[in-house]
Each structure stands twice: as C-alpha cells, then as structure tokens.
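Enquirer: My structure is below; once you've seen it, I'll send some questions.
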Amino acid sequence: MVLPVAYAAFLYITFGTLRRVGVSPPAAGTRARVTTFRDHLYSMAILGVLLFGALVTLATLLPFRYMAQADPYHTPAGVRPPWYMLAPYAVLQGLPIPTWITGFLLVAAAFAVLLLPFLIRTDREAAARRVRIGGVIVLSVWTLLSVAGAMLDRTR
C-alpha cells in the first residue's frame, strides 16, 4: 500500500516541479538534438530484447526448484478467501443447493452488472433514482453476504 502512494506522490512532485520551474534550455553554443518516435521505439525494442535475454539466461542457469507436487483438489489448511471474495464464498459454500447452480447465479449477476447501461434507456431522473436504489440494495446484500462469508469461514 505504501509503494503506490509514494510513487504517486513522487510523480506529483516531479510534474509540479517541471510545471513551476520549466524545462531547462540547451546549453549556449550547442545544437539541440531532436529525437523522433522511431529513435525511442528502437531504444525500447533494444532494451526489451536485452531484458528478455537476461531473464532467459537467469532462468536457464538458475532454475527454480519446486517443492512437492500441488494437489488441485485439496485446499491447504489456513487458506481463506480475501475480503472482497467473501460474498461469493458465502453464496457458494453456505447455500444448500448444488455448486453449479450457485456458480451460474454468480455469473448471471456479473453479466447483469455488465449489461446494466443497456437496460437503462428511459427517463433520466427515474432511471437515476432506480439505479441508486438498486445500488444501495446490492451493496447491502453484498455486505450481508460478506459478513456471512466471514462467519462461515470461522465456523469451519
């Protein structure tokens, strides 16, 4: 969490300084060299090929040794879903219906969210009100399911 914030702060400081002070002009008596997009593209291509070659060389000379073979049908002890996946986890694990049906319901809900802009083509004021009410309802249900998923994970 710290690195993206620091990165954004340094970008802001850099561009703020450039805007306030400006870019320095070329030294007196020297001719400014004009670079083109082609020059930058060649430089980036050469850098990319060199980086790829270095990574392939390191992967060949120092390969990573795997531990035991993974079992895709067994979740290791202590593994929990992240907080933003607790609601789907509660739906998949907590409802006493087959998993494929709950999975289908989750996929249908995702498609409904994606298709929402196409479904709203009526009066702007009424549509905005319905979207706000629907958003509050969905957020409330998602919060309740997240709490249920957290409780479900603690009881197992």
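None of the figures in this text is laboratory data; all of them are computed from the coordinates on show. Computed from a predicted model, the values in this text were never measured in an experiment. Don't worry about glycine lacking a Cβ; one is built from the backbone with ideal geometry, like all the others, and counts go over all protein chains shown.
Enquirer: Per the Kirkwood treatment, what hydrodynamic radius in Å, one decimal, follows for the chain from the mean inverse distance over all distinct Cα pairs?
Expert: Hydrodynamic radius (Kirkwood, Cα only) of the chain equals 23.2 Å.
Enquirer: At 7 Å along the Cα-to-beta-carbon direction for both residue 104 and residue 47, put a label point, then send me their distance in nm to one decimal.
Expert: 5.1
Enquirer: Could you estimate the translational diffusion coefficient of region 1-83 from the Stokes-Einstein equation, with Rh from the Kirkwood formula over C-alpha pairs, at 4 °C and 1.567 mPa s, in whole µm²/s?
Expert: For the chosen part, D equals 66 µm²/s.
Enquirer: Report the rotationally averaged projected area of region 83-155 based on its alpha-carbon convex hull, in square nanometres.
Expert: 5.4
Enquirer: Now for a different question. If each of residue 139 and residue 10 carries a label point 7 Å out from its Cα toward its Cβ, how far apart are those two points in nm?
Expert: The answer from the label model is 3.5 nm.
Enquirer: Mind giving me the nanometre distance, one decimal, between the label points for residue 77 and residue 34, set 7 Å out from Cα along Cα→Cβ?
Expert: Taking the two extended label points, one gets 7.1 nm.
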